[in-house]
There are 2 protein chains.
Amino acid sequence: MALIVQKYGGTSVKDAERVMNVARRITDVYKAGNNVVVAVSAQGDTTDDLIAKAKEINPDASKREMDMLLSTGEQISISLLAMAIEKLGCPVVSLTGWQAGVKTDSKYGSARIKTIDTERLMMELDNRRIVIVAGFQGINKYDNITTLGRGGSDTSAVALAAALGADLCEIYTDVDGVYTTDPRICKGAFKLDEISYDEMLELASLGANVLHNRSVEMAKKYNVKMSVRSSLNNNEGTYVKEESQVEKMLVRGVTRDNDCARIALCGVEDAPGKAFQVFEMIAKAGISVDLILQSIGDGKTKDISFTVAEGDLDATLELLEKNKSIIKAREIKSTSDVSKVSIVGAGMVNNSGVAAKMFEALSDAHINIKMIATSEIKISVLVAQKDAEHAVNAIHDKFLSK
Amino acid sequence: MALIVQKYGGTSVKDAERVMNVARRITDVYKAGNNVVVAVSAQGDTTDDLIAKAKEINPDASKREMDMLLSTGEQISISLLAMAIEKLGCPVVSLTGWQAGVKTDSKYGSARIKTIDTERLMMELDNRRIVIVAGFQGINKYDNITTLGRGGSDTSAVALAAALGADLCEIYTDVDGVYTTDPRICKGAFKLDEISYDEMLELASLGANVLHNRSVEMAKKYNVKMSVRSSLNNNEGTYVKEESQVEKMLVRGVTRDNDCARIALCGVEDAPGKAFQVFEMIAKAGISVDLILQSIGDGKTKDISFTVAEGDLDATLELLEKNKSIIKAREIKSTSDVSKVSIVGAGMVNNSGVAAKMFEALSDAHINIKMIATSEIKISVLVAQKDAEHAVNAIHDKFLSK
């Protein structure tokens with residue numbers, strides 16, 4: 001008998017039919033002799049509807065009260081799913097975050113799970129009940145309800161799996177698993193059977209949108225074996241686990257991120273600490289800088305380029321304008337007409353030819369590279385937005401054509 | 001500084017505008033220097049919508065899961081109301097049933113409040129916060145969420161007032177208070193300034209639909225002073241309190257109840273224990289009998305008439321048919337074309353002329369009385385349904401014309 005933790009997202013339980021479908025999946029696993037704990041998100045648009053209700057009354061409502069409101073979305077899901085399982089004749093109990101013992105810090109709206117008191121969960125499992133837990137929520141030390149923020153239900157599932165020592169944590173979503181790249185823009189894209197935590201982290205933060213980073217970080221920390229699969233079919237998904245057990249494939253995926261903008265500070269005084277000054281100023285304003293490129297100075301001036309999220313562009317430019325007397329750039333240029341294209345793979349750390357091969361692919365496709373950044377398991381380039389899809393296809397063909 | 005407990009029903013908070021309106025009422029009382037605890041129901045049709053969602057998935061869902069589902073309705077209300085109060089700049093905190101320490105028995109769907117642990121409530125009040133509590137809900141000894149059933153939010157409010165030793169428990173509804181009779185059928189109806197617990201109990205059970213009986217019973221038990229008033233205007237409502245403090249008015253109200261049916265067992269054997277046999281059989285089937293009339297027998301046979309709720313008529317007739325060999329009635333007659341018209345007043349116990357005066361009013365109006373039943377503070381008559389409105393008016397004119 002194995003202990004399986006499953007997580008179903010909002011689209012998987014969006015209406016009565018989908019709820020019954022999910023209930024059948026769960027009871028199949030249960031009837032095969034396994035213990036099952038399920039974390040569920042709010043149905044479809046419930047959370048958005050609740051936010052709209054709140055905004056109508058008070059757009060500046062406290063996060064404490066927002067969490068009180070939003071946590072009802074998952075409470076509705078868990079009770080409906082439990083009712084569906086009752087209909088299929090299996091013993092079941094639904095538990096809110098606090099009933100399941102999910103203790104968080106007090107950062108309302110984006111709380112982090114601190115511990116899970118598993119006493120109640122264990123008692124229910126000992127009674128051979130299927131346990132349906134409200135994802136995305138917990139309570140803090142004041143007995144107030146908290147929510148975990150974006151991707152919270154994934155994190156709930158992984159935390160439950162870690163606390164209970166589950167054999168597997170299955171994340172059900174509306175895609176078949178983790179793909180080498182976005183199948184909508186690259187015909188050659190294919191599903192990966194396995195991926196390491198670190199690779200998944202890079203892919204998630206690069207816009208793969210399958211798993212939230214916090215859940216993967218937690219899975220890595222507690223060595224929780226995960227799988228990502230579709231709730232709409234029976235296809236095998238993608239397993240996410242320790243690198244050592246993963247076959248070494250040089251490049252695991254290609255990603256594209258259009259949500260970036262480039263700013264260039266041209267002709268900045270070539271003095272020590274100049275870059276520090278600029279980036280400290282930006283960091284203090286709460287803006288995240290991604291790629292950074294600094295030209296080799298001519299002794300007098302140099303150019304500093306960097307990228308930020310597209311939504312932060314205006315605020316960054318305003319900040320630079322306000323401080324132009326400190327920065328003393330000859331010119332500040334910017335564009336949001338850029339995309340970041342990246343390759344990710346744990347294997348590339350030991351293979352110096354990967355970058356060259358990537359650049360060759362882009363060169364063959366006549367795509368101009370505006371910036372380059374590398375880490376141990378990823379290489380990112382900035383290209384014109386119009387070139388991005390072409391770039392993804394060219395790189396994918398080079399590394400991942402089957 | 002007084003401690004005021006208020007209760008707002010679903011129609012009082014049905015949309016954003018009404019929620020803001022209620023928030024203003026609450027903050028006015030708070031700013032006048034009072035401590036305020038508020039029990040709220042689910043918004044408008046929320047509970048019905050949730051029930052519909054459940055029915056679509058499983059019409060026979062367990063009551064435990066139904067309570068998990070339905071309790072979200074009040075949780076939505078309390079957070080939205082708290083947000084509205086935040087907007088008005090007053091310190092506020094919303095609490096679910098379990099956060100407010102409301103402990104109930106385990107009868108899901110119609111739980112009874114056992115105790116309220118006031119520690120959290122007192123702490124919030126000590127910090128001069130307005131406290132918004134989810135009505136209609138609590139938790140049982142297993143830490144499972146329970147709901148209180150019909151009229152539950154009224155009961156929550158009275159229980160909070162009792163536990164906190166509040167100075168007043170204000171029940172806000174969509175009517176101005178308790179009327180002498182239904183203003184829709186009697187032009188002369190007027191609002192009562194005061195009424196005793198016992199009178200209110202009789203009026204509530206006779207269909208006045210303003211306060212639920214359980215809340216009045218609890219108010220009486222713990223001597224909680226209540227008032228019933230409208231959330232839509234500033235009119236003084238009706239105070240419900242100990243009889244001793246209430247001015248003695250012979251008759252306090254006239255009620256009509258169309259939800260009744262009469263069954264007559266004609267020519268039953270006139271032997272000891274016959275009535276007992278019949279009514280024990282009906283009671284065992286879970287059917288409540290209201291008025292009972294037994295003719296004086298002729299030594300051989302007698303007639304027994306009684307009334308039941310209209311919805312119980314068919315089941316009762318079936319039961320009697322099945323046991324006709326025991327009952328041995330010559331004929332069983334029934335009709336649902338009857339109404340019960342009652343007068344209620346604590347003063348009538350010491351005034352023998354009241355019944356005669358009531359019958360005189362009906363006689364003058366040429367209304368035939370089919371059955372009569374009296375208690376210490378009420379007299380009920382059964383009339384043809386077509387005569388009921390006329391009867392209410394005639395009796396109201398006789399006793400309560402201003």
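Having 3 or more residues that are under 17 Å from B:Ser71 (Cα atoms) and touching a residue at least 40 places away in the same chain (Cβ under 8 Å) is the bar; report the strands (runs of 3 or more DSSP E) wholly within segment B:93-164 that clear it.
Strands (runs of 3 or more DSSP E) meeting the threshold: B:130-134, B:137-139, B:145-147.
How many residues, within segment A:43-63, are facing chain B (nearest Cβ under 8 Å) and under 24 Å from the mean Cα position of the chain (by Cα)?
1
Do we find a residue being over 29 Å from A:Asp387 (Cβ atoms) and of a type in the set (Phe, Trp, Tyr) anywhere in segment A:274-282?
Yes, some residue in segment A:274-282 is over 29 Å from A:Asp387 (Cβ atoms) and of a type in the set (Phe, Trp, Tyr).
Quickly run through segment A:334-354 and pick out the residues that are closer than 26 Å to A:Val240 by Cβ, in contact (Cβ under 8 Å) with a residue 12 or more places away in the chain and more than 25 Å from the chain's Cα centre (by Cα).
Residues satisfying the conditions are A:Asn351, A:Val354.
I'd like the full set of residues that are aliphatic (A, V, I, L, M) and within 14 Å of chain A (Cβ to nearest Cβ), limited to segment B:122-171.
B:Met123, B:Ile130, B:Val131, B:Ile132, B:Val133, B:Ala134, B:Ile139, B:Ile145
Restricting the search to segment B:360-377, which residues are within 13 Å of B:Ile395 (Cα to Cα) and touching a residue at least 24 places away in the same chain (Cβ under 8 Å)?
B:Glu360, B:Ala361, B:Leu362, B:Asp364, B:Ala365, B:Ile367
Just to be sure, is A:Glu86 more than 14 Å from B:Ser79 (Cα to Cα), at pLDDT 95 or above, surrounded by fewer than 24 Cβ atoms within 10 Å (Cβ to Cβ) and at the interface with chain B (Cβ under 9 Å from one of its Cβ atoms)?
yes
Looking at segment A:321-329, can you tell me whether even one residue there is farther than 25 Å from A:Lys284 by Cβ and either touching a Phe, Trp or Tyr at 6+ places or on another chain (Cβ under 9 Å) or assigned to a helix (DSSP H, G or I) (or both)?
Checked segment A:321-329: no residue is farther than 25 Å from A:Lys284 by Cβ and either touching a Phe, Trp or Tyr at 6+ places or on another chain (Cβ under 9 Å) or assigned to a helix (DSSP H, G or I) (or both).
Looking at A:Ala39, is it part of a strand (DSSP E or B), more than 8 Å from every other protein chain (Cβ to nearest Cβ) and closer than 27 Å to B:Lys55 by Cβ?
yes
Restrict the check to segment B:283-290 and report whether at least one residue is free of Cβ contacts under 8 Å to residues at least 12 places away in the same chain and not in a loop (DSSP other than H, G, I, E, B).
Yes, some residue in segment B:283-290 is free of Cβ contacts under 8 Å to residues at least 12 places away in the same chain and not in a loop (DSSP other than H, G, I, E, B).
Counting only residues that are in contact (Cβ under 8 Å) with a residue 12 or more places away in the chain and either out of contact with any strand residue (DSSP E or B) (no Cβ under 8 Å at 6 or more places or on another chain) or among the hydrophobic types (A, V, I, L, M, F, W, C) (or both), how many does segment A:291-332 have?
Going through segment A:291-332 one residue at a time, the tally reaches 20.
Let's see how each residue does on (1) in contact with a Pro (Cβ under 7 Å, 6 or more places away or on another chain); (2) at pLDDT 95 or above; (3) within 8 Å of another protein chain (Cβ to nearest Cβ):
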| position | (1), (2), (3) |
| --- | --- |
| A:Met1 | no, no, no |
| A:Gln6 | no, yes, no |
| A:Thr11 | no, no, no |
| A:Glu17 | no, yes, no |
| A:Arg25 | no, yes, no |
| A:Asn34 | no, yes, no |
| A:Gly73 | no, yes, no |
| A:Ala82 | no, yes, yes |
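The values are calculated or read from the model by the stated rules, or taken from the named source; none is laboratory data. From a predicted model like this one, the values you see are computed outputs, not experimental measurements. Note that we place each Cβ from the backbone using ideal geometry, even for glycine, and neighbour counts take in every protein chain shown.
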